Amino acid sequence: MAEIYNHHTVEKKWQKIWDEEKAFRTENDYTKPKFYALVEFPYPSGQGLHVGHPRPYTALDIVARKRRMQGYNVLYPMGWDAFGLPTENYAIKNQIHPKVVTENNVARFKNQLHSLGYSFDWDREINTTDPEYYKWTQWIFLKLFKEGLAYKKEMPINWCTSCKVGLANEEVVNGVCERCGSAVVRKVKSEWMLKITNYADKLLEGLNNVDYIERVKTSQKNWIGRSEGAEVDFSIDGKEDKLRVYTTRPDTLFGATYMVVSPEHPIIDKYKDEITNWNAITEYREMAAKKSDFERTELAKDKTGVVLEGLMAVNPINDTKIPIWISDYVLMTYGTGAIMAVPAHDERDWEFAKKFSLPMIQVVEGKDGVVNIDEAAFTDVATGQMVNSGFLTGLSVEEAKEKVKDFLTEKGIGCRKINYKLRDWVFSRQRYWGEPIPIVHCEKCGYVPLDESELPLLLPEVDSYMPTDNGESPLAAMTDWVNTTCPCCGGSAKRETDTMPQWAGSSWYFLRYTDPTNKEALAGKEALDYWMPVDWYNGGMEHTTLHLLYSRFWHKFLYDQKVVPTPEPYQKRTSHGMILGENGEKMSKSRGNVVNPDDIVRDYGADTLRTYEMFIGAFDLSASWSDDGVKGCRRFLDRVWKLQTILTDGDGYSKDMETKMHQTIKKVSSDFENLKFNTAIAAMMALINDFYKKDAVTKGEYKTLVTLLNPVAPHITEEIWSILGLEGRVYQQSWPVFDEAKTVEATVEIAVQINGKTKTTIAIGKEDPKDQVLTKAKEALGDRLSGNVVKEIYVPGRIVNIVMK
RNA sequence: GCCGGUGUGUCGGAAUUGGCAGACGAGACAGACUCAAAAUCUGUUAUCCGCAAGGGUGUGUGGGUUCGAGUCCCACCACCGGCACCA
């Protein structure tokens, strides 16, 4: 044994051996039980690996290694989500082709991941920018197009003034571009859209059949935002036109005292001549157009609005005339772009009515009848009772909702309606570094898809990938590429010059891993049947609405197309917490608190980094980095190494350690499965502390410890294994088993309490009957036991509690 | 404003899900080894009173349920994250 554990030589040595042995290559042996573990593939940024990356990767590496030892055929792959704006921006800034930037970044990332000893099957590595890969991204788009799920639409989009690209609403964070942080303005452009809304119900229902952590399910549900309500037509006094509104509270129809329409609502222009305060309207509309959706809908701001003078609406339920206002808190993109306002029972309407002194009519009261709508809107649906509401009066809110919906339908003035918050997916980007959209625009034939045989449609080599100021993609300047012939009529036509968003490649990558070199299909049927669904997918909370929903949508579409065998892509989804800087803040260059994993690997070793990141705290919570904590983990590994100095013969467990060994195997096994790595490692630390206390460890005990620790610290454990002269490799061993009966201590110490306060402890045998334990407990309490004993409680193996008056 | 999460020693965090609060790690202090330092080993380490035995107090705050509450219920406070005034 070497006196001191040298992580440099040992880690390099084993990484080389694993490569040569193809130790973690996944076999397509379809007779074995399978386990497909997936982590989100990284975007290979110029900064290299961040200490946040190894946290989820190590976690599932541990699970994957354990499952292999339990006899599963494990698929644990890795690849690169390499299209995207930062690469393109870097390329523009430094005058290097994005392809070259990507190659360099990937090489660096791969080196870094390799140095951490992950058991990825590198033979299955994929890259979304590889034409052999994006061929199938384009193929899926063509399928979506042919099924009518991809369409072009002129619409106001979020326009990033700096990136010069359209952004999906989902990509706008706090009113600025999610990627570059510049201001986002509204601009009308013709965009490719994907009809994810067609799958809203399926995406919602599918959540019932998967094992996602609760907060992920909740955010998916909230994002889809299904609500059951009604559409109601309000007529415009003296006109043919109706103003249609959507409401989830049709029961409050008698309380509607005014209407509000979005500043973009078509009704405004249509009745321009009737509106007597047109100047004020125009002014307000111009002001609203300047604001982003986020600013318009930010709650903290004051309500603003202008009444449409000269027009009145009529409440269809009681023929009352009510005014129509415009206000920017009503959006064209949700519902019908118009609402009925019930200030007595809606908080936003209440605020608006207070500000503009509009009337309120209370139509719901509390069970006890005491409600003051002068102070706040009354919105309690559960206990509310209808009042002042004609034929609805006296009903509960729920009853009234149903009754009024039937009434509206019967009279032809409205209908039941289910609405979703979810909006269609804006799929165009005016960028170079993305998958070309395989569509040709022909004057005669319209938008024509390329034939499948023409895929992949290669991204052309360009001299300049600079964005254009007019909002066109850099591809538009490539006239040789743009000008083509129509696949339909053979006439001259132009290629689509927008590219796909980064989400495209990551929406189906887990399918490609099952069969990454297939030339005939995105993956072979046999491979998909065997490997899908992903058994366990771990990723960041930041991807729980966008990436997770998009990829589920594509998968459900492919399922309907009979391309994939399962309705859901992921059986289980877990999430990890962020790793923060030593000061508790998010790591960033500007804060100067970034830790580079390379430095930790160099100074302490990959095993130490892996152990530390698993020991740092609860996996699903964020945790602050601590250099001292890293040292502590290295110290632990050194102590595991130095057990060699107190090694004794004996393949089994020594008598006094038997219970502890079985307990530790049990704890580590279940903790690994429940992502409780911190307590698993703590249990192993406690175990070796015991070895040192008695200054001895048997070969059998050491063997078990090394096997349990191997998934966390694979290098040092392989080295110890080979020094001990044991056969094979640790990674080839069976996972240690425990005997439940042997995890129970022969004697346990239990607490003795008086009135719930612990006074002393006693040692009892595990089989001791209650009477005997109680007698012993009372003896131990001695003269503290005075007064009347009211009750005696014994929780086996835990406590005795004597209740006294 | 709404939604979600989190509040436990000096610090990171445990607590078998209602049963001995503070496992494990870090730091600090003391000791051993050393000419010395580092490393390593061995102790001590929530807090107050007490020489001690022992006793009191303690899981963001205030109430409650219970023989017993970090854990359950009600009301609040602080911090972090998300957001689309969603009708």
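Taking the conditions exactly as written (of a type in the set (A, V, I, L, M, F, W, C) and either within 8 Å of RNA strand B (Cβ to nearest atom) or outside any helix (DSSP H, G or I) (or both)), does A:Leu637 satisfy them or not?
The answer is no for A:Leu637.
Mind counting the residues in region A:77-127 that are more than 26 Å from A:Pro711 (Cα to Cα) and not aromatic (Phe, Trp, Tyr)?
Summing the residues that are more than 26 Å from A:Pro711 (Cα to Cα) and not aromatic (Phe, Trp, Tyr) in region A:77-127 gives 24.
Please specify each residue of region A:712-736 satisfying the condition of being within 16 Å of RNA strand B (Cβ to nearest atom) and part of a helix (DSSP H, G or I).
Passing the criteria: only A:Ile716.
With A:Val426, A:Val440 as the choices, which residue is at pLDDT 85 or above and either among the hydrophobic types (A, V, I, L, M, F, W, C) or within 16 Å of RNA strand B (Cβ to nearest atom) (or both)?
That would be A:Val440, the only listed residue that is at pLDDT 85 or above and either among the hydrophobic types (A, V, I, L, M, F, W, C) or within 16 Å of RNA strand B (Cβ to nearest atom) (or both).
Within the bounds of region A:341-351, is there any residue that is within 16 Å of RNA strand B (Cβ to nearest atom), of a type in the set (Val, Ile, Thr) and closer than 30 Å to A:Thr282 by Cα?
Within region A:341-351, one or more residues are within 16 Å of RNA strand B (Cβ to nearest atom), of a type in the set (Val, Ile, Thr) and closer than 30 Å to A:Thr282 by Cα.
Among the candidates A:Glu103, A:Glu88, A:Glu11, single out the residue that is out of contact with any Cys (no Cβ under 7 Å at 6 or more places or on another chain), of a type in the set (D, E, K, R), touching a residue at least 40 places away in the same chain (Cβ under 8 Å) and more than 30 Å from A:Ser734 (Cα to Cα).
That would be A:Glu88, the only listed residue that is out of contact with any Cys (no Cβ under 7 Å at 6 or more places or on another chain), of a type in the set (D, E, K, R), touching a residue at least 40 places away in the same chain (Cβ under 8 Å) and more than 30 Å from A:Ser734 (Cα to Cα).
Restricting to region A:245-259, name every residue that is in contact with a Ser or Thr (Cβ under 6 Å, 6 or more places away or on another chain) and more than 8 Å from RNA strand B (Cβ to nearest atom).
The answer is A:Phe254, and nothing else.
Only one residue in A:Gly524, A:Gly505, A:Gly540 is surrounded by fewer than 17 Cβ atoms within 10 Å (Cβ to Cβ), at pLDDT 90 or above and at negative phi, so which one is that?
Of A:Gly524, A:Gly505, A:Gly540, the one residue that is surrounded by fewer than 17 Cβ atoms within 10 Å (Cβ to Cβ), at pLDDT 90 or above and at negative phi is A:Gly524.
Does A:Lys693 meet the test of being in a helix (DSSP H, G or I), more than 23 Å from A:Asp607 (Cβ to Cβ) and within 10 Å of RNA strand B (Cβ to nearest atom)?
So A:Lys693 passes the test.
Of all the residues that make up region A:546-566, how many are surrounded by fewer than 17 Cβ atoms within 10 Å (Cβ to Cβ) and in contact (Cβ under 8 Å) with a residue 60 or more places away in the chain?
1
Checking A:Asp628 against (1) near RNA strand B (Cβ under 9 Å from one of its atoms); (2) touching a residue at least 60 places away in the same chain (Cβ under 8 Å); (3) farther than 20 Å from A:Ala59 by Cα, which test does it fail?
Looking at each condition in turn, A:Asp628 falls short on (2).
What do you reckon, is A:Leu647 touching a strand residue (DSSP E or B) at 6+ places or on another chain (Cβ under 7 Å) and away from RNA strand B (no atom under 15 Å from the Cβ)?
yes
Regarding A:Thr9, is this residue part of a helix (DSSP H, G or I), buried (at least 20 other Cβ atoms within 10 Å of the Cβ) and of a type in the set (Ser, Thr, Tyr)?
So A:Thr9 does not fit the description; no.
Of everything in region A:749-785, what is at pLDDT 85 or above, of a type in the set (A, V, I, L, M) and within 17 Å of A:Lys805 (Cβ to Cβ)? Give them in sequence order.
none
Among the residues of region A:737-752, write down those that are more than 10 Å from RNA strand B (Cβ to nearest atom) and assigned to a strand (DSSP E or B).
Scanning region A:737-752 gives a single hit, A:Thr747.
Among the residues of region A:658-690, write down those that are near RNA strand B (Cβ under 9 Å from one of its atoms) and under 26 Å from the mean Cα position of the chain (by Cα).
Selection gives A:Asp671, A:Asn674, A:Lys676, A:Asn678, A:Thr679.
If A:Thr58 satisfies all but one of (1) within 19 Å of A:Val601 (Cβ to Cβ); (2) assigned to a loop (DSSP other than H, G, I, E, B), what's the number of the condition it fails?
So A:Thr58 meets the others, but not (2).
Do we find a residue being surrounded by 21 or more Cβ atoms within 10 Å (Cβ to Cβ) and not hydrophobic (A, V, I, L, M, F, W, C) anywhere in region A:664-680?
yes
In region A:776-788, which residues are loosely packed, with under 12 Cβ neighbours inside 10 Å and in a helix (DSSP H, G or I)?
Answer for region A:776-788, where residues must be loosely packed, with under 12 Cβ neighbours inside 10 Å and in a helix (DSSP H, G or I): A:Glu779, A:Gly782, A:Asp783.
Which one of these does A:Thr26 not meet: (1) in contact with a strand residue (DSSP E or B) (Cβ under 8 Å, 6 or more places away or on another chain); (2) among the polar types (S, T, N, Q); (3) free of Cβ contacts under 8 Å to residues at least 12 places away in the same chain?
Failed condition: (3).
Regarding region A:585-604, can at least one residue be identified that is within 11 Å of RNA strand B (Cβ to nearest atom), within 21 Å of A:Gly117 (Cα to Cα) and not in a helix (DSSP H, G or I)?
no
From the list A:Ala376, A:Ala344, A:Ala353, pick out the single residue that is crowded, with 16+ Cβ neighbours inside 10 Å, assigned to a loop (DSSP other than H, G, I, E, B), over 35 Å from the mean Cα position of the chain (by Cα) and aliphatic (A, V, I, L, M).
A:Ala344
Looking at A:Asp638, is it of a type in the set (D, E, K, R) and closer than 25 Å to A:Asn6 by Cα?
For A:Asp638, the condition - of a type in the set (D, E, K, R) and closer than 25 Å to A:Asn6 by Cα - is met.
Got a sec? Which of A:Pro569, A:Pro565 is more than 13 Å from RNA strand B (Cβ to nearest atom) and within 21 Å of A:Asn222 (Cβ to Cβ)?
Only one candidate passes the filter, namely A:Pro569.
Of all residues being away from RNA strand B (no atom under 12 Å from the Cβ) and assigned to a helix (DSSP H, G or I) in region A:205-225, which is surrounded by the most Cβ atoms within 10 Å (Cβ to Cβ)? Just the residue, please.
A:Gly206
The values are calculated or read from the model by the stated rules, or taken from the named source; none is laboratory data. This one's a predicted model, so the numbers in the text were calculated from it and none came from an experiment. In this analysis, Cβ positions are derived from the backbone assuming ideal geometry, glycine residues included, and neighbour counts consider all displayed protein chains.
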